[in-house]
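These notes are about the structure you will find just below.
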Amino acid sequence: MAEEAMINDNSVQDQWGQICSQLKNEVGDTAFESWLKPLSLGSFSDGVMNICVPTRFMRNWVITHYSDRIHKIWEKKNPAIKNINFIVQATREETPSLYNPTCRSLLKKITSTPAPQNIYQSGINSIIANNNDGALNDSLSVPLNPQYTFENFVVGKTNEFAYAAARKVAESRNISFNPLFLYSGVGLGKTHLMHAIAWHIKQQDPTRNIVYLSAEKFMYKFVRALRYKDTTAFKEQFRSVDVLMVDDVQFMGGKDTTQEEFFYTFNSLIEEGRQIIISADKSPADLEGIETRLKSRLGCGLVADIHPTDFDLRIGILNNKAQQLGVELPTKVAEFLAQKITSNIRELEGALRRVVAHSQLLADKEITLEMTQDVLKDMLRSYDKRTTIDEIQKKVAEHFNISVKEMQSSRRARTVARPRQIAMYLAKQLTSRSLPEIGRKFDRDHTTVMHAVRKVEELIVEDASLAESIEALKRTLEA
Ligand code: ADP
Ligand code: MG
C-alpha cells in the first residue's frame with residue numbers, strides 16, 4: 001500500500017526531474033545533453049521503473065556509465081523503486097521533429113544539392129543556426145572557456161613539452177604536426193591547452209573555422225545522424241572545418257561504427273591539410289577498444305603527454321590563480337595546499353576557491369593556515385581516506401573467500417581469476433592509479449588490467465547478481 005502511494009501521483013515525475021538536475025550538476029552540461037536528457041520515464045511495476053532510451057547504442061552507454069548512479073540516487077529518494085530497467089523506445093517529443101517540414105527541407109538542402117562555395121566558407125554551422133527547430137539544430141562546436149588561454153597556463157617541468165607543442169601548432173600557418181595528440185590523467189590541462197590553441201588561432205585569423213568538441217559529442221551526433229538516416233549531412237558538417245579538435249577520445253573505445261566514421265573524417269581532413277588535435281587519457285598505443293589502424297593514425301603526428309604535477313608547478317598555479325582571484329595567498333598556505341593536494345590541478349583549484357570564497361563570505365576574513373585547514377577539513381580527510389589498491393585486494397579476496405596471495409598469483413582458475421579481475425576493475429574505478437601501476441600490484445602488465453576492466457564492464461551488464469556484489473563491494477570500500 002505504502003509502495004503504491006509513493007508512485008501513484010506526480011511524485012515520480014518530480015523525483016525524476018530532481019534526479020536529472022542532480023545528474024546534470026554531477027556530469028556537466030555536455031554529457032547531460034548528450035546522454036541523459038534524451039531519457040524519459042516509462043511505466044512502473046513491481047518495483048521496477050522503466051526508463052526509455054532512444055537507441056540501443058545509447059542504452060548500452062547509459063547502462064555502463066550512468067545506471068549505477070541513477071539507481072543510487074533514486075533508491076535514496078524513493079525506496080519503492082527497487083530496480084531500473086532501460087528500454088529502447090523513441091520518446092514522444094522527438095518523433096514529430098523527424099517529420100517536421102522545415103527540418104526535412106533543410107536536410108534535403110544540405111544533403112542533395114551541391115552547395116555553392118560561399119555557403120561552405122561561412123560554415124555549415126551558420127546554416128543550421130538559422131533554423132530554430134529540427135534534428136540538426138545545434139552547432140557542431142561547443143563554446144570555449146575564456147579562461148583557458150595560453151596566458152593563463154602555468155608552465156613547469158611536467159607540462160612544458162605539451163605546452164610547447166600546443167603553442168607551435170597554434171602559431172604556425174603551415175601544419176607542423178598532424179595530428180597533435182595530447183594525453184594525461186584527468187585535470188592536468190589537456191582541455192585548457194586545446195581551448196588555448198583555439199583562442200590563439202581565432203585571434204590571429206577570425207575566419208578560420210575551428211571546431212572543438214568532445215568525443216562523446218561526436219559520437220552522440222553521429223548516432224543521431226544514423227537515427228535520422230542522415231550521415232551525409234553529418235559528414236558535410238566537417239567539410240568546412242580548418243581545425244578539428246576532439247577531446248577525450250578514450251570514450252570512443254568499443255564503439256566501432258563511430259570509430260569508423262571518425263577514422264573517415266580524420267583521414268579526409270588530414271589529406272586536405274586541415275589541422276587535427278586530439279586528447280585522451282592514454283597514449284594512442286594504450287587506448288582501450290580502439291581499432292589498430294585508428295591508433296596508428298592517431299600516433300602518427302606528434303604525441304605529447306602531460307605528467308602529474310610537481311610541487312613547484314602546484315605552487316606556481318596556486319599563486320597564479322590567487323592573483324586572478326585578486327587575493328593575497330600567504331606562502332605557508334600555498335605550501336600547505338601544494339603538499340596536500342597532489343592529485344590534479346582541478347582539485348587544487350577547487351580547494352583554493354573554497355578557501356577564498358570562505359574568507360570573502362566572512363567579511364574578508366584573512367586567509368591563514370588555520371582557517372585553510374579548517375575549511376578543507378572534510379576534503380582533506382577524504383583525501384587521506386582514499387581507497388588503496390591493497391585495501392581493494394583485501395576486501396575483494398575476503399568477499400570471494402580467497403587469499404590476497406592467490407589473487408596476486410599466476411593461477412588462472414576461474415575462482416581466482418574472476419575476483420582478480422574484479423579487484424583490478426575496482427582499483428581502476430576507485431583510485432587514481434594508472435593501469436601500469438595497478439598492474440604492478442597484481443604482478444601483471446597494463447594490458448591485463450585493461451582486459452579485466454573491459455571484461456568486468458561486460459559482466460556487469462550481463463549478470464545482475466554479480467553487478468550487485470560489485471556494487472556492494474564498492475559501497476564498503478567507499479564507506
Ligand atoms: P584535463 O582536460 O586534462 O582533464 P583541464 O584542462 O580541464 O584538464 O584542467 C583542469 C583545470 O586545471 C582547469 O581549470 C584548468 O584551467 C586548470 N589547469 C590545468 N593545467 C593548468 C596550468 N598549467 N596552469 C593553470 N591552470 C591549469
Ligand atoms: Mg578535459
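The values are calculated or read from the model by the stated rules, or taken from the named source; none is laboratory data. Just so it is clear, the structure is predicted and the values come from calculations on it, not from any experiment. Cβ coordinates were reconstructed from backbone atoms using ideal geometry, including for glycine residues, and neighbour counts include every protein chain displayed. Heads up: the accessible areas ignore ligands, DNA and RNA and are worked out on the full protein's heavy atoms, side chains in. Shrake-Rupley method; radii C 1.70, N 1.55, O 1.52, S 1.80 Å.
Couple of notes before you dig in:
- Candidate set: region 313-372, residues that are among the polar types (S, T, N, Q) and within 16 Å of ligand 1 (Cβ to nearest atom); chosen: the one modelled with the lowest pLDDT: Ser343
- Filtered residues of region 218-244 (kept if under 25 Å from the mean Cα position of the chain (by Cα) and small (Gly, Ala, Ser)): Ala225
- Qualifying positions in region 45-79 - surrounded by fewer than 15 Cβ atoms within 10 Å (Cβ to Cβ), over 29 Å from Asp256 (Cα atoms) and of a type outside the set (S, T, N, Q): Asp46, Gly47, Val48, Lys72, Glu75, Lys76, Pro79
- Of all residues in region 205-263, those satisfying the criterion of being open to solvent by 10 Å² or more (accessible area, probe 1.4 Å) and within 16 Å of ligand 1 (Cβ to nearest atom) are Tyr212, Ser214, Glu216, Lys217, Asp248, Gln250, Phe251.
- Matching residues in region 291-314 - criterion: being more than 21 Å from Thr191 (Cα to Cα) and either open to solvent by less than 40 Å² (accessible area, probe 1.4 Å) or within 16 Å of ligand 2 (Cβ to nearest atom) (or both): Leu294
Residue by residue, here is whether (1) touching a residue at least 12 places away in the same chain (Cβ under 8 Å); (2) away from ligand 2 (no atom under 16 Å from the Cβ); (3) open to solvent by less than 90 Å² (accessible area, probe 1.4 Å); (4) within 30 Å of Arg475 (Cα to Cα) holds:
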| site | (1), (2), (3), (4) |
| --- | --- |
| Glu328 | yes, yes, no, no |
| Gln339 | yes, yes, no, yes |
| Leu361 | no, yes, no, no |
| Met371 | yes, yes, yes, no |
| Leu380 | yes, yes, yes, yes |
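- Subset tally (residues that are over 23 Å from Ile201 (Cα atoms) and either free of Cβ contacts under 8 Å to residues at least 24 places away in the same chain or touching a His at 6+ places or on another chain (Cβ under 7 Å) (or both)) for region 261-285: 1
- Of the residues making up region 159-200, those that are more than 8 Å from ligand 1 (Cβ to nearest atom), open to solvent by 40 Å² or more (accessible area, probe 1.4 Å) and under 20 Å from the mean Cα position of the chain (by Cα) number 1.
- Consider region 147-157 and keep the residues that are more than 9 Å from ligand 1 (Cβ to nearest atom) and touching a residue at least 24 places away in the same chain (Cβ under 8 Å). The one that is most open to solvent (accessible area, probe 1.4 Å) is Lys157.
- Matching residues in region 21-39 - criterion: being within 11 Å of the chain's Cα centre (by Cα) and of a type in the set (A, V, I, L, M): Val27, Ala31
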